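Student: I have a structure I would like to understand better, so I am pasting it below and will then ask my questions one at a time.
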């Protein structure tokens with residue numbers, strides 16, 4: 001496809017986007033000075049035209065990356081706006097600038113995959129930080145429960161002592177348990193932080209409530225189990241280091257070492273022949 005065809009396509013796309021904005025833009029009363037406050041509707045417009053599966057994925061992943069439930073809808077609309085703007089804007093700008101078709105296609109791929117990659121990295125970092133701080137939080141939770149506090153009071157105290165993500169997620173679970181049941185709040189926690197330690201925590205608490213086991217005893221056993229799991233994962237990570245170091249050693253250290261050895265042998269051989 002020629003550059004002229006891509007330019008024509010970009011012009012048609014720009015006209016189509018302009019029509020969609022004008023046609024479906026929500027009307028609003030004029031603000032001070034007669035200026036309409038339309039820019040606030042950009043995220044809602046992006047959410048309206050986004051596929052349902054994409055909206056569900058963005059909302060779930062944003063929840064897994066630490067966005068509070070009260071701001072989840074607004075964050076989802078803003079992310080969809082950013083995603084659509086990059087995916088559509090970069091190819092249009094590249095076509096208008098007269099860049100080659102490959103560059104236009106690369107702009108579309110970059111605009112489509114960059115927001116997704118950024119959000120997945122943010123969610124992964126949030127889960128990793130939660131998993132790192134959870135053993136210490138469980139130890140504190142067990143100690144507070146052994147002092148005689150209830151489960152909600154224990155988790156509230158831990159939420160106050162720990163920074164995000166552990167403190168934020170536990171505080172959100174306590175707040176949700178006050179509106180609904182504790183089981184539903186724990187299921188929401190598992191949906192936001194889908195790691196094995198959280199699943200064990202929620203199952204242990206639910207089983208203890210069903211069987212009437214003391215909260216302090218359940219939390220102490222749970223804290224010991226989660227600490228052991230964290231220790232085993234660190235041992236496994238340490239055991240993988242020699243394998244991970246093998247490839248850089250073969251690529252960077254061995255060639256330099258061979259070069260030094262061969263250079264020394266070649267120098268000695270040249271000296272003998274002369």
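The values are calculated or read from the model by the stated rules, or taken from the named source; none is laboratory data. What you are looking at is a predicted structure, and each value in this text was computed from that prediction instead of being measured. Neighbour counts are summed over all protein chains in view; Cβ atoms, including those assigned to glycine, are modelled from backbone coordinates with ideal geometry.
Student: Quick one: what pairs do we get from segment 47-74, first residue outside the structural domain of residue 87 (by TED's automatic domain parsing), second modelled with pLDDT under 90 and surrounded by 15 or more Cβ atoms within 10 Å (Cβ to Cβ), C-beta under 6 Å, 6+ apart or different chains?
Tutor: As it stands, the answer is none, since no pair meets every condition given.
Student: Just one of (1) surrounded by 15 or more Cβ atoms within 10 Å (Cβ to Cβ); (2) closer than 16 Å to residue 151 by Cβ; (3) in contact with a helix residue (DSSP H, G or I) (Cβ under 7 Å, 6 or more places away or on another chain) trips up residue 183, so point out which.
Tutor: Among (1) surrounded by 15 or more Cβ atoms within 10 Å (Cβ to Cβ); (2) closer than 16 Å to residue 151 by Cβ; (3) in contact with a helix residue (DSSP H, G or I) (Cβ under 7 Å, 6 or more places away or on another chain), the lone unmet condition for residue 183 is (1).
Student: Give segment 194-229 a look and list any residue that's surrounded by fewer than 17 Cβ atoms within 10 Å (Cβ to Cβ), in a helix (DSSP H, G or I) and in contact (Cβ under 8 Å) with a residue 12 or more places away in the chain, or say none.
Tutor: Once the filter is applied, which keeps residues that are surrounded by fewer than 17 Cβ atoms within 10 Å (Cβ to Cβ), in a helix (DSSP H, G or I) and in contact (Cβ under 8 Å) with a residue 12 or more places away in the chain, segment 194-229 yields 196, 200, 206, 209, 221, 225, 227, 229.
Student: Still on this structure: Checking the conditions here, which among 129, 159, 125 is buried (at least 17 other Cβ atoms within 10 Å of the Cβ) and either within 17 Å of the chain's Cα centre (by Cα) or assigned to a helix (DSSP H, G or I) (or both)?
Tutor: 159
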